[in-house]
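Worksheet: one structure, shown below.
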Amino acid sequence: MLKKASSPILFVVAAALIDAEGRILIAKRPAGKSLPGLWEFPGGKLKDGETPEAALVRELLEELGLTVTPADLTPLTFASHHYADFHLFMPLYLCRRWQGTPVAHEHDDIAWVRPDELADYPMPPADAPLIKVLRDLA
């Protein structure tokens, strides 16, 4: 018999935006938010009734000023990580097509990073295991 989660489950979604050179966009969490200064894959929380794809389309526009359609998103893997106050479940999508140039609207910085260099950037515990999956794509 499986135990119920003792902490609330937080559903978020993230994207590995991959440019024509094979680099992946990561964003630095700002001061004032949890885990400040760590680098993450862009995305965010799902709103009630929102699909992961719709949430990611919305979040990429809000966070980076990018226009993406659900057809531009390909499910890749997911992260499931227990933090002190909640359990995070995060599907990760690949995105190789978008309109616009990314601008850090909600982060301190953004960077285009080669897959084999992702481990050089400190990431939240839920994001870090995704690095291996992305390196294996290269």
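Quick notes on this structure:
- The chain: calculated mean residue ellipticity at 222 nm from DSSP helix runs of at least 4, using -39500 (n - 2.57): -4500 deg cm²/dmol
- Along the axis of the charge dipole computed for the chain (Cβ charges of +1 for Lys and Arg, -1 for Asp and Glu, origin at the Cα centre), the listed residues P91, I131, I24 are led at the positive end by P91.
- Helix 52-64 vs. the chain, principal-axis angle (Cα, 0 to 90°, nearest 10): 50
- Using a Förster distance of 25 Å, the FRET efficiency for R23-E62 (Cβ separation, nearest 0.05): 0.65
- Fraction of beta bridges assigned by DSSP in the chain that are antiparallel (%, nearest 5): 75
- Net charge dipole, the chain: roughly 380 debye, given to the nearest 20, about the Cα centre with Cβ charges of +1 for Lys and Arg and -1 for Asp and Glu.
- Order of I26, I110 under a 10 Å beta carbon neighbour criterion, fewest first: I110, I26
- Normalised by the number of residues in the chain, the average gap of Cα pairs under 8 Å and 6 or more apart makes the relative contact order 31 percent.
- The candidate values are (i) 9.0; (ii) 9.5; (iii) 8.2; the one derived from this structure for mean projected area of the Cα convex hull in nm² carries the label (i).
None of the figures in this text is laboratory data; all of them are computed from the coordinates on show. Since this is a predicted model, take the numbers as computed values, not measurements. Methodologically, a virtual Cβ is constructed for each residue, glycine included, from the backbone with ideal geometry; neighbour enumeration extends over all protein chains shown.
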